[in-house]
Amino acid sequence: MFVFAGSVAMISFVLYSVEYFTTRLEAFLFPRKFRLRTALKKISKNLGVISSFRELKDIVLVDIVQTLEVMGGAIVFQYEHDIEIIAEGDIDAAEIKQRLQSSALSEHPLYTCIEIHRHEQYASYLVITRNKANTLLGKEEIQWLHLITSYLEVSLENVHLIRKLTAKMQLLASQLPNEQSAHDIQWFRKVMFELQEEERLRIAADLHDTTMQDLFFLKRRFISLLDKYAMNKEDKEHLNNIVNFVEMINNSLRQSCFELNPFLLKEIGLIETVRSYLDKEAYHAPFVLKFKEERASAIEAKDLTTKKHIFRIIQELLNNAKKHSQASHVTFTMTVADRAFVLTYEDDGVGFKSTEARRIEIGSSGMGVEQMKGRVLHLNGQLQLDSREGEGTRLVVTIPIRETMSV
């Protein structure tokens, strides 16, 4: 009995030790397996926080491409009349789209294509290129990808539903009535505006922390080349042009960040922020752009959210003028009269029929006149729109100074 018990204890100790040291040394003994398992844990954990297609690329697709050491990868959504591709790395999105339309993607020798989900409204696929050694994925990597797609299936369905719900909420917000009964559902507009602002702030932060920083370091590298190496006049001029072009892109991104997050509203107020914004836009606007302010300083006493709503309205009107008005002159006027703030927009463009107002999109934001009206109603204000074909457009926003709602 003593020998038997000792043998069992010894065997148990040996087996436990083997398992323990194998687990500890897995990164050295089985590096490929360890890397795949670690990446799987990370991706499965990150999938729980994904709420948009953009996050699919930043959180999931990047990890898949880096883990498998492939040239590139893509998550493809095939709808009834459209194909949407989220790509990372060196992968030809146009070729994938063409082959998917001809049902030849799965047979392509350079791609590994795995169907993630097939829904009545769409089908989704994970497409991976060859690895950097120009060989196809091995059996172990393909099994790992199939496991990843089983996790992705649920997340993609959730993201699709979130996008669908958000689109319906935006449509509903744009169609809310302007009668007194609309005040009963003001909370809905509040939620929609808050979600839009949060998304703008996130995009502005991403641009500032990633793309703009990358361009800054790229510019410094080019300048260091100019200082370090002796070049002939032609090469030096060519490199200077590249530096100037990088700086021009950086300035454009800086302006985009400001439009997404108008931080100057807090620092210098609404009037000066609008003046600065319109002055910059006047340089490349296809019309003469003017701004007038007449005793409107009382608006500066309002809260930051109210000023931000007014600034967004001005942005949307200006974007609309660029896209649709074909005007030669556009004027914005701010004034305060009878305890109300009045914003007036006027142009001498092509105008439109009053019945078309609901269908006009403002800029690239996809916000129509009705949703812009929602901002005004949220501030307990009124919006008057006067336009006729060939006779320009005049829009007047009136917001009570004392009764403006806070978000």
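Quick notes
- Inside the stretch 100-128, residues that are under 16 Å from E157 (Cβ atoms) and in contact with a Gly (Cβ under 8 Å, 6 or more places away or on another chain) make up a count of 1.
- Among the residues of the stretch 57-95, those identified as in a loop (DSSP other than H, G, I, E, B) and charged (D, E, K, R) are E69, E80, D82, D90, D92.
- So V14, is it at negative phi and either modelled with pLDDT of 80 or more or in contact with a strand residue (DSSP E or B) (Cβ under 9 Å, 6 or more places away or on another chain) (or both): yes
- Answer from F263, F287, F291 - the residue that is exposed (fewer than 15 other Cβ atoms within 10 Å of the Cβ), of a type outside the set (S, T, N, Q) and either modelled with pLDDT of 85 or more or more than 15 Å from L318 (Cβ to Cβ) (or both): F263
- Count of the stretch 71-114 residues, restricted to those that are closer than 17 Å to E141 by Cβ and acidic (D, E), is 1.
- Cross-chain or 6+ apart pairs with Cβ under 6 Å, the stretch 1-22 first and assigned by TED's automatic domain parsing to the domain that holds F34 and among the basic types (K, R), then at pLDDT below 80 and surrounded by 10 or more Cβ atoms within 10 Å (Cβ to Cβ): none
- Filtering E237, E247, E294 for residues that are in the same structural domain as R339 (by TED's automatic domain parsing) and of a type in the set (D, E) leaves a single hit, E294.
- With respect to the conditions (1) out of contact with any Leu (no Cβ under 7 Å at 6 or more places or on another chain); (2) surrounded by fewer than 18 Cβ atoms within 10 Å (Cβ to Cβ), I91 lacks only one, and its number is (2).
- One residue from T135, T112, T149, T67 being out of contact with any strand residue (DSSP E or B) (no Cβ under 6 Å at 6 or more places or on another chain), crowded, with 17+ Cβ neighbours inside 10 Å and farther than 24 Å from L207 by Cα: T67
The values are calculated or read from the model by the stated rules, or taken from the named source; none is laboratory data. No experiment lies behind these values; they were computed from the predicted model shown. Note that each Cβ is placed from the backbone with ideal geometry, even for glycine, and that neighbours are counted across all protein chains shown.
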